[in-house]
Amino acid sequence: MSRRQVVSILVVAVVALATGFLVAGQVKVHLLAPTNQVARYQALVRSVQELETSNADSRQRIAALRSQIDELEAAAAQRSAATQALQRQVADLRAHAGLTTLHGPGVEVDLADGVPDTDLGGEAGYQVNFKDVQDLVNLLFAKGAEGIAVNGRRITPLSAFSGSGGEVIVDQGPAITSPLKLLAVGDRNRMEAALTDPSRLPDIRAREVQFQLQISFHGGPDLALPPYDSSLDTRHVGTL
């Protein structure tokens, strides 16, 4: 074999080797590309799965929060209803105790001393006393009055009447004398019927005849009673 042939063989071998490297590189490129696509697809699938898992957790948390919100709203509604009920009870108690102004239909009763007797030098034959006022107040409350005021002084369930002669003392307030005006708010029809009933207030009816005690009344569609005045007049407070 000549030197030229050997060189030719070497050249062919080198070319073949280089061609092999080139072919192998191309094959590797073509083989890696699908592998990268698969990896990306798998990564995308994992991301979607993780997102779905996260969304499921979030939905569960949202559902739990909504449940808590519903419970809190229900509790708040119950508290609100209970609060409103308590407020109504307090308002009723305040009104019953005479601590608030009261408006409504009712009756106005005027009570005055008997007509002056000429034999007594022009003095009244009979002076209105606290028992007369007490009898009227009791009758009006029994016949539908929700509130009563005597000469502008509100009567409460704990009010007491006292006095001497022609003086009338309500609770420990200042003494009041004839003429007296009683305002009663409540069931106007029942109160008017009781005041016109001759069997009611027998003592006052007798004094009307015997001493010309003056009593009259009329109804009104909208009377107003002031709230209770707790001020005291110490002149009428007993001493120990």
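Please treat every number below as a calculation from the coordinates, not as lab data. Just so we're clear, the structure is a prediction, and the values are computed from it rather than from any experiment. With ideal geometry, Cβ positions are generated from the backbone for all residues, glycine too; neighbour counts draw on all protein chains shown.
Phi-derived couplings, Karplus 6.51 cos²θ - 1.76 cosθ + 1.60 at θ = phi - 60°, listed residue by residue for region 208-217: 4, 6, 7, 10, 6, 4, 9, 9, 8, 8 Hz, with x used for Gly and Pro.
Normalised by the residues of region 118-229, what does the relative contact order come to in percent, with Cα pairs under 8 Å and at least six apart? Relative contact order here is 33 percent.
Backbone amide hydrogens, once placed in the peptide plane, bring Gly173 within less than 5 Å of Asp233, excluding anything fewer than 5 places away on its chain.
Centre-to-centre separation between the Cα atoms of region 161-201 and those of region 55-105: 43 Å. For region 160-208, a/c is not less than 1.5, where a ≥ b ≥ c are the root eigenvalues of the C-alpha gyration tensor, and a/b does not top b/c. That puts it in the oblate class. Taking amide hydrogens as placed 1.01 Å from N in the peptide plane, the amide H of Ile155 sits under 5 Å from those of Ile148, Ala149, Val150, each at least 5 positions away in sequence or on another chain. Put a plus charge on the Cβ of each Lys and Arg, a minus charge on the Cβ of each Asp and Glu, and nothing anywhere else: the dipole of region 33-95 about its Cα centre is then about 100 debye.
Going by the alpha-carbon gyration tensor, a ≥ b ≥ c the square roots of its eigenvalues, is region 102-218 rounded (a/c under 1.5) or, if a/c is not under 1.5, prolate (a/b greater than b/c) versus oblate?
It comes out oblate by the Cα gyration axes.
Between amide H atoms placed 1.01 Å from N, distances below 5 Å from Ala145 occur with Asp187, all of them 5 or more places distant or on a separate chain.
Taking packing as the residue-averaged number of other Cβ atoms within 10 angstrom, the listed peptides 151-159, 139-147, 49-57 run from highest to lowest as 139-147, 151-159, 49-57.
Magnitude of the charge dipole for region 147-215, about its Cα centre and with charges confined to Cβ atoms of Lys, Arg (+1) and Asp, Glu (-1), is about 120 debye.
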